[in-house]
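*Asks:* Questions regarding the structure given below will be posed in turn.
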Amino acid sequence: MPHPGTLSLDHVGKRYPVHGGELEVLRNVTLTVDPGEFVSVVGTSGCGKSTLLRLIIGLDGSYEGDIRLDGARIRGTSLERGIVFQEHRLFPWLTVEENVALGLLRSRLPEAEKRRSIAEHIALVGLAGFEKAYPAQLSGGMAQRVAIARALVNRPSILLLDEPFGALDALTRAALQTELQRIWQAEGITTILVTHDVAEAVYLGDRVVVMQPSPGRIRRVLPVPLPHPRDRADPRLADLERNVLDELAGLA
Amino acid sequence: MTGRGLVLPALLLAAWEAAHHLGLSDPRLLPPPSLVLARLGREAAEGGLWFHLGASLVRDLAGFAIGAAAGLLGGLLLGLWRGFDRLVGPSFHAWKQIAVFAWIPLISVWFGVGEAAKVVFVALAAFTPVVVNTHEGIRGIDRRHWEVARVLTLTPWQTLVRLVLPAALPSIFTGLHLALIYAWLATVGAEYFMTVGPGIGGMMTEGREHFHMDVVLLGVLILGVVGYALNHGAAAAEARLLHWRHR
């Protein structure tokens with residue numbers, strides 16, 4: 001099993017060419033994420049937090065500064081880095097099992113190992129028994145669990161989550177947040193969660209990175225010094241949540 | 001076609017038969033259904049019908065297979081290779097406006113008067129809808145699914161097999177379905193407009209020349225039935241292969 005990775009962002013900036021000029025979406029983002037750490041990134045829409053994940057996953061290679069995983073500069077996409085998007089993005093013509101198996105198509109593991117890893121990860125996200133189901137037969141929450149299994153099946157050293165529960169109803173979202181905490185603890189994987197849900201960011205993160213827009217940059221990094229697994233009703237979480245909300249309100 | 005859909009054809013057939021028995025129509029010009037059925041029985045028993053039907057179907061399916069395969073390849077190239085699309089796309093879209101029957105004189109000259117020319121013509125008719133629909137199917141693939149393929153570092157071949165072909169399949173099927181219909185029309189067209197030979201079209205041409213209107217009407221009936229069967233078969237195959245859409 002690969003060790004959890006160390007991610008370092010060094011003065012990362014990003015500009016998009018727009019009609020008649022340039023739009024600066026990220027400026028001077030510097031952050032180090034320790035192995036096995038869970039970092040939440042919160043901010044209003046337009047603060048560049050999703051762009052940041054696109055750079056880390058390697059879907060966009062043109063940026064300023066440096067992004068390194070375990071010291072090696074990121075070049076393109078890689079099975080070392082897994083991602084879960086806001087939409088599940090499952091292939092509707094493949095079953096749950098086949099969708100998860102997509103994550104191992106480029107793996108060099110022997111067939112038997114692959115099958116074991118697929119079964120393990122489907123069980124990890126609580127979907128044992130649904131291997132042969134098609135995405136259209138699943139609820140939104142179940143589909144997102146499959147997407148998590150697909151991202152983890154090749155045992156990447158870092159997991160990126162781009163507002164993964166944003167499209168789900170409140171009850172499902174709460175259930176999946178608890179699940180994610182359990183999965184993260186079980187896998188011990190370095191994780192970055194981008195969200196606009198402050199309660200979610202505080203409940204899950206070891207640190208909460210508060211971003212501000214125009215151009216997107218880090219405003220503050222708040223530690224959440226509480227052990228996992230956490231109790232959602234813990235009053236200390238509510239205090240921290242208020243701190244984060246104050247930071248965000250200070251932007252207005 | 002079931003239930004209520006059968007009412008109108010049944011009424012028409014009854015009226016047609018009745019017109020004959022009431023002496024309202026000339027059986028030499030418009031033989032009644034009973035005579036057409038009698039001809040069907042005779043032709044089927046003597047084997048002439050199977051000979052002609054077989055010749056038409058072989059021609060149809062050979063042309064369809066060649067045209068559809070070439071169309072699939074063309075559509076994939078246009079859909080997956082931006083440079084090829086820029087270079088060839090505009091010409092193709094202009095070219096496809098030419099009615100397929102306009103090619104008959106050229107094909108006759110280039111491929112002779114035999115079977116090859118007819119198959120080429122059928123293939124040409126099947127080619128265009130497959131190219132157009134395959135191309136559109138690929139262009140319609142969700143950008144977010146392409147990103148998944150990139151994130152999972154799939155090879156071009158894996159991307160083709162797991163993403164491109166399944167995603168474009170509904171559209172490709174539409175193309176194949178149209179191609180099947182066009183190929184059958186072209187088969188009959190080729191048999192009419194090109195040299196006379198074995199085939200339903202040839203059988204009808206012969207019937208017309210000998211003033212056997214029951215043979216001509218039998219031909220019309222068979223063209224309809226085969227067209228209906230091809231259409232129905234294509235729809236059934238489509239429903240089966242795209243089962244993931246309907247769950």
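*Asks:* How crowded by other chains is B:142-152, given as the mean number of beta carbons from other chains within 10 Å of each beta carbon?
*Replies:* Mean partner-chain Cβ count within 10 Å for B:142-152: 6.
*Asks:* If I model a spin label at B:A235 and B:R28 as a point 7 Å from the Cα along the Cα→Cβ vector, what separation in nanometres do I get?
*Replies:* So the label points at B:A235 and B:R28 sit 4.2 nm apart.
*Asks:* Just to check I understand the Karplus step: with θ = phi - 60° and J = 6.51 cos²θ - 1.76 cosθ + 1.60, what whole-Hz values come out for region A:140-148, glycine and proline as x?
*Replies:* x, x, 5, 4, 5, 5, 4, 4, 5
*Asks:* Can I ask one more? Can you tell me what the convex hull of the Cα atoms of region A:29-115 projects to on average, as an area in nm²?
*Replies:* Projected over every direction and averaged, the Cα hull of region A:29-115 covers 7.8 nm².
*Asks:* Return the average number of partner chain Cβ atoms within 10 angstrom of each residue Cβ along peptide A:85-96.
*Replies:* Partner Cβ neighbours, averaged per residue: 4.
*Asks:* A further question on this structure: Which whole-Hz couplings ³J(HN,Hα) result when phi for each residue of region A:153-159 is put into the Karplus expression 6.51 cos²θ - 1.76 cosθ + 1.60, θ = phi - 60°, listed in order with x for Gly and Pro?
*Replies:* 4, 8, 6, x, 8, 8, 10
*Asks:* At 37 °C and 0.692 mPa s, grab the translational diffusion coefficient of region A:37-178 from Stokes-Einstein with a Kirkwood Rh over Cα pairs, rounded to a whole number in µm² per second.
*Replies:* Calculated translational D: 204 µm²/s.
*Asks:* Given 10 Å bins starting at zero, what is the percent of C-alpha pairs of region A:139-224 in each, up to the one with the largest pair distance?
*Replies:* That works out to 15, 49, 30, 6, in percent per bin.
*Asks:* Only Lys, Arg, Asp and Glu count, each charged at its Cβ (+1, +1, -1, -1), so figure out the dipole size of region A:91-155 about its Cα centre, rounded to 20 debye.
*Replies:* Using Cβ point charges on Lys, Arg, Asp and Glu, region A:91-155 gives about 180 debye.
*Asks:* Let me ask something else. So what is the calculated 222 nm ellipticity per residue for the protein assembly as shown, using -39500 (n - 2.57) for each DSSP H run with n of 4 or more, over all residues, to the nearest 500 deg cm²/dmol?
*Replies:* -18000 deg cm²/dmol
*Asks:* Answer rounded, prolate or oblate for region B:115-193, using the Cα gyration tensor with square roots of eigenvalues a ≥ b ≥ c: rounded when a/c is under 1.5, else prolate when a/b is larger than b/c, else oblate.
*Replies:* prolate
*Asks:* Jot down the radius of gyration and Dmax of region A:116-177, Cα atoms only, both in angstrom.
*Replies:* 11.7, 33
*Asks:* Taking 2.2 N^0.38 Å as the expected size of a compact globular protein, what ratio does the Cα radius of gyration of the protein assembly as shown give against it, to two decimals?
*Replies:* That works out to 1.39 for the protein assembly as shown.
*Asks:* Given q = 0.10 Å⁻¹, what are the Debye log10 I(q)/I(0) values for chain A, with equal point scatterers placed on the Cα positions and solvent ignored?
*Replies:* -0.48
*Asks:* Using the count of nearby Cβ atoms within 10 Å as a rough guide to exposure, how do A:D246, B:D142 rank from fewest to most?
*Replies:* A:D246, B:D142
*Asks:* Related question: Mind listing the Cα extents of region B:50-241 along all three principal axes, in Å, largest one first?
*Replies:* Principal-axis extents of region B:50-241 (Cα, largest first): 69, 37, 22 Å.
*Asks:* Looking at chain A as a GNM with Cα springs under 10 Å, which of A:D231, A:D162, A:D206 has the largest mean-square fluctuation?
*Replies:* Between A:D231, A:D162, A:D206, it is A:D231 that shows the largest mean-square fluctuation.
*Asks:* Using per-residue counts of other Cβ atoms within 10 Å, averaged over each peptide, order A:125-131, B:13-19, B:58-64 from highest down.
*Replies:* Descending packing order for the listed peptides: B:58-64, A:125-131, B:13-19.
A short reminder: the numbers here are calculations on the coordinates, not readings from a lab. A quick note: this is a predicted structure, and the numbers were derived from the prediction, not measured. Here Cβ is always computed from backbone atoms with ideal geometry, including for glycine, and neighbour counts include all displayed protein chains.
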